[in-house]
1. Scan the range 225-248 residue by residue and report those that are modelled with pLDDT of 90 or more and of a type in the set (Gly, Ala, Ser).
2. Determine which member of the set Val97, Val12, Val101, Val7 is in a loop (DSSP other than H, G, I, E, B) and at pLDDT 80 or above.
3. Please count how many residues of the range 468-482 are among the small types (Gly, Ala, Ser) and crowded, with 17+ Cβ neighbours inside 10 Å.
4. Please tell me if Ile427 is touching a Cys at 6+ places or on another chain (Cβ under 7 Å), part of a helix (DSSP H, G or I) and surrounded by 17 or more Cβ atoms within 10 Å (Cβ to Cβ).
5. Among the numbered conditions (1) part of a helix (DSSP H, G or I); (2) modelled with pLDDT under 85, tell me where Cys515 comes up short.
6. Mind listing just one residue for me: the one in the range 279-326 that is in a strand (DSSP E or B) and of a type in the set (D, E, K, R) and, of those, surrounded by the fewest Cβ atoms within 10 Å (Cβ to Cβ)?
7. Specify which of the listed residues (Leu475, Leu509) is modelled with pLDDT of 85 or more, more than 30 Å from Tyr6 (Cβ to Cβ), under 24 Å from the mean Cα position of the chain (by Cα) and part of a helix (DSSP H, G or I).
8. Going by the conditions given, is Arg392 of a type outside the set (Val, Ile, Thr), modelled with pLDDT under 90, more than 18 Å from Gly280 (Cβ to Cβ) and not assigned by TED's automatic domain parsing to the domain that holds Phe261?
Amino acid sequence: MRKPLYVLLGAVAFVLLIACVNVANLILAQAASRRKEMALRHALGASRPRLIRQLLAESLLLSVAGGMMGLLLAWWGADLLMALAPESIPTIGEVGVDNRVFGFTLLVCLLTGVIFGLAPALQTSKPDVNEALKEGGKGGGSSFRLGRSRNLLVVAEVALALVLLAGAGLLIQSFRRLQEVDPGFDPRNLLTMRVFLPETKYPEPEQQQAFFERVLPRIEALPGVQAVGTTTHIPALGGGDTYFTIEGKPFPDPNKKVTAFNPMVSHNYLRTMKIPLIQGRHFTEAETKETPKTVIINEAFARTYFAGDEPLGKRLIIDMGDPLTCEIVGVARDARQFSLEIEVFPAMYLPSIRSGFTGIVVRTNGDPMAMAPAVRRAVWEVDKDQPVANLRSMDQILSNLVAEARFRTLLLGVFAAVALCLAGVGIYGVIAYSVAQRTHEIGIRMALGAQARDVSRLVIGQGLRLTLAGVALGLLAAFGLTRLLTGLLFEVSATDPLTFALIALLLMLVALLACYVPARRAMKIDPMIALRCE
């Protein structure tokens, strides 16, 4: 879990930086409108350190107030986080807001308040008294230096937002491809369960076999049941390997033992799972009631050990404590046994219902969980004391397999969405403030014949230039930083060009929307009113 947690922590840091950039931009904009106030204070004797302390106090108040509101939201949101988190995440039950979280939040609030309030404070606390106190000073707007600082901050937050969006886009693409993986069987309408026969009651294989010979017909006779089968290893939940050799075909290295995945299954198991046979035949019911003499291999086994050769009729010597010599009678399609992300291993299915540790799979006509009570009763009709464990549909099992990927994709996606909104707000704020400060200039342009579309192009162009600079910088950063996601991605490159292009296009679209409202406002400026106000 270390890498996903570091990635999420990095995403949190990026969102925090973007939020702080927005706050710094607001403070810079406010500083421009308070130039005359600062000049008056300075003229009346306020020293520069005193002005800096005042501005820092305002910044800290804003930061701490926002941090405390965020902490309150985190307190309420912890339960939602717990509800969404998969159970497989270690110590997830211990997640919550405690004194350490409170202390960390307070420290972050103080640091961000000081760091991102200091630069605006240093610029604002050194006013040009003569310029600021002129008659027209109150409408003079921000200085070139303050405007350049705000533009640089917008470029920075767009770049940060692009990195987050690129990471989220890659994870979403990876998760989509993971869900499209063919498990090799049909998971729909499939009920699974575990039956653990106690050795004290069923010590002999013959007793275990007799139990399942009575249970399986009862389940198959239930209304709504299409087929039923047993296996020692339910697909997608893992299993064990067994050593084997191929009769008459020694391996290149005689000292190296070779293993294959080896579920023991009933004669109807492959049909119940809808795992098709590529070659050969299914097991017969009689073959499952005696010592295995036949075996069905999967495609991976055939590719690995019989490339260019016909596997049917070949014999495997399987180490099951005592060596079993089994003839290959069929080749089944590959089925994912361990994970959707892991390649299929060579597997050999052995015919047997003699096991005290067995999974039962039931193919139903409708909702498989609706059949669970009836299936449990069918087991209890044979042995009223026999527990039935892990009653789940195969869809639930496959969903659990991708739960962690879904959770981290959701979290990073939420962070990226917040970053996108903040970037849009930041672009809007800078452009809107720029329009307000350039009212006189725009009035002159329109008085000299500029059309509304020319003004709109001027305003939107300013915002898109900043966004393009941020996108270019963000793409460079994303090409380096997204490589940290390599171990979390499935069949997606960490520098996937299509994802990067779509994210850049999305950011440009958001920037265009953010610039549209100030542009419309600028188009409606009355030149006479603008010049009279000036």
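The values are calculated or read from the model by the stated rules, or taken from the named source; none is laboratory data. Predicted model, so just to flag it, every value in this text is computed and none were measured. With ideal geometry, Cβ positions are generated from the backbone for all residues, glycine too; neighbour counts draw on all protein chains shown.
1. If the condition is that a residue be modelled with pLDDT of 90 or more and of a type in the set (Gly, Ala, Ser), then Ala227, Gly229 are the ones that fit.
2. Every option except Val97 fails the conditions.
3. Within the range 468-482, residues that are among the small types (Gly, Ala, Ser) and crowded, with 17+ Cβ neighbours inside 10 Å number 4.
4. yes
5. In the conditions (1) part of a helix (DSSP H, G or I); (2) modelled with pLDDT under 85, Cys515 misses (2) alone.
6. Here the residue is Asp322.
7. Result of the check over Leu475, Leu509: Leu509.
8. No: the conditions fail for Arg392.
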